[in-house]
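For reference, the structure is listed below as structure tokens.
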Amino acid sequence: MKQYKVGLVGIGAVGTEMVKVLRQRKFPASEIRILATRERDEEVAGETFHVLETKAEAFDGLDIVLFAGTEGSKGASKMWGWEAVKRGAVVIDNGDDFRMDDRVPLVIPEINGDALEKHQGFIANPNCSTIITLMGIAPLHRANPLKHMTAVTFQSVSGTGRSAIDELDAQVREYAAGAYTPANSRLASEHKAYPHQIAFNVLPQIGSAKKEMPGFTTEEAKMTFESRKILGVPDLKIGCTCVRVPVFFAHSIAIHAQFTNPFTPDEVREIIKKSPGVKLVDDLASSQYPLPLDIQHGDDVGIGRIRIDPSVENGIALWCSGDNIRKGAAQNAVQIAEEMIQRGLI
């Protein structure tokens with residue numbers, strides 16, 4: 001099997017997971033070259049790497065470059081992405097800077113792998129909540145065109161990065177060690193990752209205010225515009241509220257969707273059973289449905305709570321849960337590279 005020289009820019013939570021996924025999936029990498037802001041030796045996912053400073057010449061000889069920026073992190077791919085393409089690499093970017101760029105395919109391999117055929121050397125990874133949502137919705141859309149979707153997300157703190165994971169951990173430990181009660185769970189410690197305490201709380205804001213969509217956040221805009229691009233339905237009606245919850249890993253989404261034709265829950269279940277990358281966990285009577293604790297660190301997106309939505313014609317409601325660092329970021333990026341190899345595009 002042909003071997004590929006893989007570059008990785010960034011070694012935060014997503015970058016570390018990318019190394020794990022490359023190894024776990026036995027990706028044919030003859031080299032993993034890690035680039036960051038400064039040169040040093042660093043242990044990443046149990047391996048010691050000599051990390052190189054990110055410079056133009058550091059991309060020479062690489063076949064594939066994964067940009068591992070945490071959601072909302074700016075700069076790396078904007079500064080170096082097209083330079084890496086110029087030097088002969090295929091870039092797969094986890095950041096959001098180029099997702100809506102007409103030159104750049106926005107890809108979930110199980111859903112729209114064909115979009116890779118027209119790549120210009122640069123491919124974008126969708127937002128984590130978009131990936132997890134569409135893994136449940138896209139198979140249904142292929143069978144019965146989607147007309148409208150409303151989504152409420154329940155997003156874990158790992159989507160913000162290591163600082164948020166540490167902050168939730170510290171707050172829970174402070175609560176456990178202090179004289180706090182359920183009636184008085186407001187902690188004394190300073191919060192930095194979020195505008196409010198996240199432990200024992202939910203924050204109905206992810207991202208900043210979206211100027212072009214008054215009242216909506218940037219995360220909600222991503223769900224709207226990215227879903228339209230991936231599904232190829234530019235006028236799809238989407239309503240979304242994105243909420244941060246005190247969970248370490250895995251995002252969950254409550255979806256209410258309207259389709260062109262009637263669907264029965266059993267028809268939906270049969271489609272999910274046959275679809276790649278998802279698993280059906282749907283037995284309400286036995287309290288079986290996808291949970292972040294069960295889904296975290298796994299490869300598949302769990303789908304459950306499938307039922308008729310009586311509020312609209314041809315409505316279906318369902319619940320999706322998936323690991324935002326794996327399928328929502330690192331794993332999807334590696335799968336894009338695998339799909340390109342399979343198609344002979346690299």
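The values are calculated or read from the model by the stated rules, or taken from the named source; none is laboratory data. Just so you know, these numbers come straight off a predicted model, no measurement behind them. Cβ placement follows ideal geometry from the backbone for every residue including glycine, while neighbour counts extend to all protein chains displayed. Protein only, heavy atoms only, side chains kept; ligands, DNA and RNA dropped before computing areas. Shrake-Rupley method; radii C 1.70, N 1.55, O 1.52, S 1.80 Å.
Ordered by residue, what ³J(HN,Hα) values in Hz, to whole numbers, does region 275-291 give under the Karplus form 6.51 cos²θ - 1.76 cosθ + 1.60, where θ = phi - 60° and Gly and Pro are x?
Couplings: 8, x, x, 10, 9, 7, 10, 8, 9, 4, 4, 9, 6, 10, 7, x, 10 Hz.
Using a 10 angstrom cutoff on alpha carbons, build the Gaussian network for the chain and name the most mobile of 170, 151, 183.
183
Can you tell me how region 80-200 classifies by the Cα gyration tensor, rounded, prolate or oblate, using a/c under 1.5 as the rounded cut?
It comes out oblate by the Cα gyration axes.
Which trypsin sites (Lys or Arg not before Pro) in region 195-297 pass both tests, a DSSP loop state and at most 10 other beta-carbon atoms within 10 Å?
211
Based on alpha-carbon atoms only, what is the radius of gyration of region 220-275 relative to the globular estimate 2.2 N^0.38 Å?
With N residues counted in region 220-275, Rg over 2.2 N^0.38 Å equals 1.39.
For the chain, what does the accessible surface come to per residue with a 1.4 Å probe? Please give it in Å².
45 Å²
So what is Rg over Rh here for region 216-316, counting just Cα atoms and using Kirkwood for Rh?
For region 216-316, the value is 0.96.
Could you work out the local net charge near residue 335, counting Lys and Arg as +1, Asp and Glu as -1, over the other residues with Cβ closer than 10 Å to its Cβ?
-2
Loop-only trypsin sites (Lys or Arg not before Pro) in region 287-345, please: DSSP not H, G, I, E or B, and at most 14 other Cβ atoms within 10 Å.
343
List the pairs from 20/274; 78/327; 192/237; 210/273; 2/237 whose alpha-carbon separation is above 32 Å, in the order I gave them.
Result: 192/237; 210/273; 2/237 exceed 32 Å.
Does region 55-125 come out rounded, prolate or oblate, given a ≥ b ≥ c as the square roots of the eigenvalues of its C-alpha gyration tensor, rounded meaning a/c under 1.5 and, failing that, prolate meaning a/b above b/c?
oblate
Evaluate the distance, in nm, between pseudo-label points positioned 7 Å from the Cα of residue 185 and of residue 267 along their respective Cα→Cβ axes.
Those two pseudo-labels are separated by 4.2 nm.
With +1 on the Cβ of every Lys and Arg and -1 on the Cβ of every Asp and Glu, and nothing else charged, how large is the dipole of region 1-158 about its Cα centre, in debye rounded to the nearest 20?
So the dipole magnitude of region 1-158 works out to roughly 340 debye.
Please return the longest range in the chain lying between exposed loop sites, taking GluC sites (Glu not before Pro), DSSP loop only, at most 15 other beta-carbon atoms within 10 Å, and leaving the sites out.
40-189
Scan the chain and report its longest stretch carrying no chymotrypsin sites (Phe, Trp or Tyr not before Pro) that are both in a DSSP loop and have at most 16 other Cβ atoms within 10 Å.
For chymotrypsin sites (Phe, Trp or Tyr not before Pro) (loop position, at most 16 other Cβ atoms within 10 Å), the longest site-free span of the chain is 1-179.
In Å³ and rounded to a whole number, note down the convex hull volume per residue for the Cα atoms of region 3-119.
Dividing the Cα hull volume of region 3-119 by its residues yields 111 Å³.
Specify which residue in the list 122, 75, 95 is farthest towards the positive end of the charge dipole of region 1-142, using unit charges on the beta carbon of Lys, Arg (+1) and Asp, Glu (-1), about the Cα centre.
Farthest towards the positive pole: 122.
Of the accessible area of region 1-83, with the probe set at 1.4 angstrom, what percent is carbon plus sulfur?
After summing per-atom areas, the C and S share lands at 47 percent.
Could you point to the label whose value was computed as Cα extents along the principal axes in Å for the structure here, given [x] 68, 47, 40; [y] 58, 55, 41; [z] 80, 54, 42?
[y]
Highest GNM mean-square fluctuation, the chain, Cα pairs closer than 10 Å: which of 240, 128, 320?
Greatest mean-square fluctuation among the candidates belongs to 240.
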